[in-house]
1. Can you pull out the residues in the stretch A:101-130 that are under 28 Å from B:L41 (Cα atoms) and of a type in the set (A, V, I, L, M)?
2. Under the condition of being in contact with a strand residue (DSSP E or B) (Cβ under 8 Å, 6 or more places away or on another chain) and under 21 Å from B:R2 (Cβ atoms), which residue from the stretch B:94-103 is farthest from the other protein chains (Cβ to nearest Cβ)?
3. Mind counting the residues in the stretch A:56-72 that are outside any strand (DSSP E or B), modelled with pLDDT of 95 or more and either surrounded by fewer than 18 Cβ atoms within 10 Å (Cβ to Cβ) or among the β-branched types (V, I, T) (or both)?
4. Counting just the residues of the stretch B:8-17 that are surrounded by fewer than 24 Cβ atoms within 10 Å (Cβ to Cβ) and outside any loop (DSSP other than H, G, I, E, B), which one comes out farthest from the chain's Cα centre (by Cα)?
5. Within the stretch B:122-151, track down each residue that is touching an Asp or Glu at 6+ places or on another chain (Cβ under 6 Å) and either without any contact (Cβ under 8 Å) to a residue 12 or more places away in the chain or of a type in the set (G, A, S) (or both).
6. Applying the selection to the stretch A:103-144, what residues are hydroxyl-bearing (S, T, Y) and crowded, with 20+ Cβ neighbours inside 10 Å?
7. Any residue at all in the stretch B:149-163 that is surrounded by fewer than 16 Cβ atoms within 10 Å (Cβ to Cβ), out of contact with any Gly (no Cβ under 9 Å at 6 or more places or on another chain) and β-branched (V, I, T)?
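The values are calculated or read from the model by the stated rules, or taken from the named source; none is laboratory data. It should be emphasised that the depicted structure is a prediction, and the values quoted were computed from it without experimental measurement. Heads up, the Cβs are rebuilt from the backbone with ideal geometry, glycines too, and the neighbour counts pull from every protein chain shown.
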2 protein chains.
Amino acid sequence: MRILGIDPGSRRTGYGLIEATPQHNRYLSSGCIRLPESKSLAERLVLLGDALGDLIQQWQPDCGVVEEVFFAKHPRSALVLGHVRGVVLLELGRRQVRLHEYAPRQVKQSLVGTGGAQKEQIQHMVRMLLNLRSRPLQEDEADALAVSLTHAHILPLQQRLQRLP
Amino acid sequence: MRILGIDPGSRRTGYGLIEATPQHNRYLSSGCIRLPESKSLAERLVLLGDALGDLIQQWQPDCGVVEEVFFAKHPRSALVLGHVRGVVLLELGRRQVRLHEYAPRQVKQSLVGTGGAQKEQIQHMVRMLLNLRSRPLQEDEADALAVSLTHAHILPLQQRLQRLP
């Protein structure tokens, strides 16, 4: 199963693709879609939507994963993040890529074993689990790979639960 | 100039198209895109995006107008509204339809003459200005036509200001 993790942001949106098998999870690709601040929000959303569309086209992921957002400190930033997330959900939905969402605590729990893990611990675990010791990872990229890995970890448990009588 | 006003909402998104000439503003079309609550947010965003795309294709508006949002009472609703607005901005941007935004107070001021006008006054003025006395208008539809009319009213002033030495 090919998993596309996305970490949406109004300036930078990270993405991370992995191939998940029962044996192990393999790194495929990751990066950061940068949205120039000089452009209007509408223009940035178009750039983002096109870039995501190209990624989905190229890699044909089986599912997309993003972090759930429960609240934001400032309604204003929640609104802007919402715009970006809306475009992410639209692009996945239009290409029939099924969406999964996990709470930030679930991501931390799944990777580090505690819901209160630090950013650096997450980054460290992403590199360890995907054999990326020599590859520098940007923060948004690591976060996107982290949600991909979370889905890869949680999915087999869900499937096993569904098979219980 | 053909103006498409949009009133974004996570359940219902209103739209209102007018043709603005220096002489008068003519009603073209309006309606409400309903997004079934039974569907996931991603599915609703796809339905909305497709419906907006069809509208833009059919009517070829010169510009799109939405209300600015400065704050929302609840960060959660700001986030959801952001998703919907993101799709609206994306669909307009992808089809090179230029976006204009007005504050709610500007819309009220422009239509009723006071920034503190009630919903009913706005509805009344929309019907009067567009000769829609016999046509029942839904609230989101009327709001969408109101932002279209606001742009039609403010645009000539802006153009005249630009021509000043």
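1. A:A103, A:V107, A:L111
2. Narrowing the stretch B:94-103 to residues in contact with a strand residue (DSSP E or B) (Cβ under 8 Å, 6 or more places away or on another chain): B:97-103.
Narrowing further to those that are under 21 Å from B:R2 (Cβ atoms): B:97-102.
Values: B:V97: 9, B:R98: 9, B:L99: 5, B:H100: 11, B:E101: 10, B:Y102: 15 Å.
Restricting to residues being in contact with a strand residue (DSSP E or B) (Cβ under 8 Å, 6 or more places away or on another chain) and under 21 Å from B:R2 (Cβ atoms), the top hit is B:Y102.
3. Going through the stretch A:56-72 one residue at a time, the tally reaches 6.
4. Applying the filter and picking the extreme gives B:R12.
5. B:A144
6. Of everything in the stretch A:103-144, just one residue is hydroxyl-bearing (S, T, Y) and crowded, with 20+ Cβ neighbours inside 10 Å, namely A:S110.
7. Our first condition is that a residue be surrounded by fewer than 16 Cβ atoms within 10 Å (Cβ to Cβ); within the stretch B:149-163, this holds for B:156-163.
Restricting the remaining residues to those that are out of contact with any Gly (no Cβ under 9 Å at 6 or more places or on another chain) gives B:156-163.
Remaining after also requiring β-branched (V, I, T): none.
The answer is no; no qualifying residue exists.
Every residue, every condition in (1) farther than 20 Å from A:V87 by Cα; (2) touching a strand residue (DSSP E or B) at 6+ places or on another chain (Cβ under 8 Å); (3) within 14 Å of chain A (Cβ to nearest Cβ), yes or no:
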{"position": "B:A42", "(1), (2), (3)": "no, yes, yes"}
{"position": "B:L48", "(1), (2), (3)": "no, yes, yes"}
{"position": "B:A51", "(1), (2), (3)": "no, yes, yes"}
{"position": "B:Q57", "(1), (2), (3)": "no, no, no"}
{"position": "B:C63", "(1), (2), (3)": "yes, yes, yes"}
{"position": "B:V66", "(1), (2), (3)": "no, yes, yes"}
{"position": "B:L81", "(1), (2), (3)": "no, no, yes"}
{"position": "B:L92", "(1), (2), (3)": "no, yes, yes"}
{"position": "B:R105", "(1), (2), (3)": "yes, no, no"}
